[in-house]
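One structure is given here, and the rest of the page talks about it.
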Amino acid sequence: MYFCHKSVIIHHMRIGFFEDSFCHNFQPLVRLRPVFDLRSGIFLLREKTQIRFPHLSTSFFVRDIIQPLIAAQYPDIPVNNPVPDDYLLVNGRLLSNHSFFNFISDLQDNTIVYIKNEIAAVRIKPGSVGLLRYDSEGLPSFEGCRGFKQLHYESPGPLMVHYPWELISINGSQIEADFRISPGAGFCDGLLEEGAYLLESNKIYIARGARIFPGVVISAENGPVFIDEGVTVFPNTFIQGPVYIGANCLVKAGSKIYGGTSAGPVCKIGGEIEGSIFHSFSNKQHDGFLGHAYLGQWVNLGADTNNSDLKNNYGNVKSYANGIETDTGMQFMGLILGDHAKTGINTMLNTGTVGGIMSNIYGSGFPPKFIPDFSWGGADGLATYQIDKAIETAKIVMARRNIPMVPEMESLIRHWFHVLNQASE
């Protein structure tokens with residue numbers, strides 16, 4: 001997506017997105033990606049910053065273990081390789097906030113900005129890049145920058161996320177914030193068939209190549225709706241904003257897509273969906289309910305898969321952050337599935353369920369709420385998914401979208417398999 005809008009311009013500077021120790025709370029979603037490549041709203045977290053600074057080059061600072069894969073995926077971006085430029089380093093967990101971006105655009109050299117005692121941004125002049133230190137995982141440490149000027153930014157709303165369910169809870173407001181810097185409302189460059197209806201069309205964007213079939217109702221009464229390039233929406237579908245449907249997605253006939261839902265590029269979605277995020281290349285195209293969930297890449301939900309997102313006593317839902325059960329503070333919280341996870345038909349999932357990468361969940365009854373990476377099974381027990389078969393299936397799935405699995409991806413998946421299985425022995 002390419003946007004034309006007023007932007008902040010800083011010359012002779014480079015943006016560096018960095019992970020910090022909080023990234024581990026986002027497992028299993030960050031097994032195969034940096035935290036700043038997670039989605040909330042219309043954009044990935046880093047894209048919210050890049051759009052504001054379109055003229056700046058980019059660098060990444062990530063965990064050493066994922067560096068080879070990220071370098072292969074972004075060959076034009078230095079990864080864990082500081083260059084002698086003026087840097088604006090931005091925490092990868094930062095959200096979209098216009099006021100904060102204006103604030104950091106005017107920082108003086110060698111300044112650290114804190115949000116609630118966490119480092120949110122750092123301005124470093126070229127001669128000071130060598131002051132950066134790195135911890136045992138390769139994450140940047142700012143111990144050598146203690147002499148920098150320190151500023152504290154106060155904001156009434158959340159500016160940095162700490163847990164994956166926060167991405168879900170704020171997704172609707174992030175769609176609205178991202179929509180304000182998108183190409184514009186009340187625009188349709190796609191094919192709107194006769195018999196399709198737009199409610200409050202001034203808050204709806206339909207991009208080139210999209211096709212909206214007869215019998216579709218898109219309502220922006222509760223928030224904006226962004227339909228990206230090449231999207232197809234089949235008949236008798238209802239979409240209620242705030243909603244984002246990413247490029248080349250397919251929305252199946254009779255779908256009910258409710259507010260707070262984002263589907264990244266090349267997803268197939270159907271049935272009933274509310275308040276959920278599809279990172280990209282994932283499918284939930286059959287009947288069944290998905291509520292307040294986050295699905296990574298290459299996830300496939302079998303027909304009539306349903307997740308609960310509300311406890312019978314209406315209390316706070318507990319879920320898992322880096323394998324530790326945690327009170328989410330949320331009344332509505334459904335499901336988190338890592339990359340390449342699959343469910344069989346008629347699968348039932350409880351509130352706050354977390355399934356790891358390469359997990360294959362099936363069978364009657366409710367499986368455990370915490371399903372480790374590379375698990376195979378359900379309520380009757382979990383076995384370890386054989387790594388060679390898991391990778392073989394993943395390659396077949398990706399090839400159907402003409403995307404090869406690069407050697408760095410396979411190597412990282414095998415690394416996690418061996419590390420995690422050793423830890424469980």
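The values are calculated or read from the model by the stated rules, or taken from the named source; none is laboratory data. Nothing here was measured: the structure is a model prediction, and the numbers come from that model. In this analysis, Cβ positions are derived from the backbone assuming ideal geometry, glycine residues included, and neighbour counts consider all displayed protein chains. Each accessible area value is taken on the protein alone, full model and side chains, heavy atoms only, with ligands, DNA and RNA left out. Shrake-Rupley method; radii C 1.70, N 1.55, O 1.52, S 1.80 Å.
Give segment 244-259 a look and list any residue that's touching a helix residue (DSSP H, G or I) at 6+ places or on another chain (Cβ under 7 Å) and either open to solvent by less than 10 Å² (accessible area, probe 1.4 Å) or more than 24 Å from Glu166 (Cβ to Cβ) (or both), or say none. Correct list: Tyr244 only. Taking the condition of being modelled with pLDDT of 95 or more and in a loop (DSSP other than H, G, I, E, B), how many residues in segment 315-333 meet it? Number of matching residues: 4. Taking the residues in segment 220-230 that are in contact with an Asp or Glu (Cβ under 7 Å, 6 or more places away or on another chain) and either more than 21 Å from Ile175 (Cα to Cα) or free of Cβ contacts under 8 Å to residues at least 24 places away in the same chain (or both) as candidates, determine which candidate is most open to solvent (accessible area, probe 1.4 Å). Filtering first and then ranking leaves Glu221. Restricting attention to segment 231-243 and to residues that are part of a loop (DSSP other than H, G, I, E, B) and either acidic (Asp, Glu) or open to solvent by less than 10 Å² (accessible area, probe 1.4 Å) (or both), the residue that is nearest to Arg211 (Cα to Cα) turns out to be Val231.
Taking strands (runs of 3 or more DSSP E) as the structural unit, those lying wholly within segment 337-425 and holding at least 1 residues that are under 22 Å from the mean Cα position of the chain (by Cα) correspond to 353-355. Residue check: Gly355 meets all listed conditions (1) closer than 14 Å to Tyr294 by Cα; (2) open to solvent by 30 Å² or more (accessible area, probe 1.4 Å) but one, namely (2). Of all residues in segment 376-410, those satisfying the criterion of being open to solvent by less than 30 Å² (accessible area, probe 1.4 Å) and closer than 20 Å to Asn283 by Cβ are Gly378, Tyr385, Ala390, Ile391, Ala394, Met398, Met405, Met409. Scan segment 273-288 for residues that are open to solvent by 10 Å² or more (accessible area, probe 1.4 Å) and not in a loop (DSSP other than H, G, I, E, B) and jot them down. Result: Glu274, His279, Asn283. Remark: Thr49 falls outside the filter, which requires a residue to be in contact with a helix residue (DSSP H, G or I) (Cβ under 9 Å, 6 or more places away or on another chain) and assigned to a strand (DSSP E or B). Report, by residue number, each residue of segment 179-198 that is open to solvent by 70 Å² or more (accessible area, probe 1.4 Å), out of contact with any strand residue (DSSP E or B) (no Cβ under 7 Å at 6 or more places or on another chain) and more than 13 Å from Gly223 (Cα to Cα). Scanning segment 179-198 gives a single hit, Glu194. Of all the numbered requirements in (1) of a type in the set (Ser, Thr, Tyr); (2) loosely packed, with under 15 Cβ neighbours inside 10 Å; (3) within 20 Å of Val243 (Cα to Cα), Ser201 misses one, and that requirement is (2). Kindly establish whether Ile336 is open to solvent by less than 60 Å² (accessible area, probe 1.4 Å) and either touching a Leu at 6+ places or on another chain (Cβ under 8 Å) or modelled with pLDDT of 95 or more (or both). When the stated conditions are applied, Ile336 passes them.
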